[in-house]
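What follows draws every value from the coordinates through simple rules; no lab data is involved. Only a predicted model underlies this, so the values are computations on that prediction, with no experimental measurement involved. Using ideal geometry, Cβ is built from the backbone for each residue, glycine included, and neighbour counts are taken over all protein chains shown.
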Amino acid sequence: MEILEQKQNEINLSIPSKHGMEVIAAKLSENLSLFKGFEQKKIEQIKMAIIEACINAFEHGSDSKEKVVKVDFLLCEDKIEVTVTDTGKGFDVSKIKKHALSSPLKEKSKRGWGIQLIHKIMDEVEITSSSKGTIIKMSKFK
């Protein structure tokens, strides 16, 4: 695990692509959000989104030799921006299945809920994916 501070408002975290390591990124986000004065409900939403994004990266983005997921935080005046990057084979973002959030247990497929949850609880979400990996950029406003 490597933590580098490049700018006063940017923190970069590199974690091994192993289940359980997402908790480290979530804990760091909690501390940064508290530092920036976020309310507890929003902090929990940021943590959940990071956990979901990291788990997806571990599962789908660990095809490369690196086996590392990068979690970058940008602390702005009115928001926190988090970018989760993997170096996997990527996927077609347009094929993300939309589920009925009202009845998750009734759905036949139990896949694809993480990305939908991220969209629901974060204020801004942008996903880009290519053969070189996937980037999930998400923001939460105060």
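Couple of notes before you dig in:
- Sorted by Cβ neighbour density within 10 Å, fewest at the top, the residues PHE141, PHE73, PHE91: PHE141, PHE91, PHE73
- Residues MET138, MET21, ranked from the fewest to the most other C-beta atoms within 10 Å, line up as MET21, MET138.
- For THR128, THR83, order by how many other beta-carbon atoms lie within 10 Å, fewest first: THR128, THR83
- For the peptides 35-41, 116-122, 48-54, the ranking by packing is 48-54, 116-122, 35-41, with the highest mean count of neighbouring Cβ atoms within 10 Å listed first.
- Three-way shape label, the stretch 8-53, alpha-carbon gyration tensor, a/c 1.5: oblate
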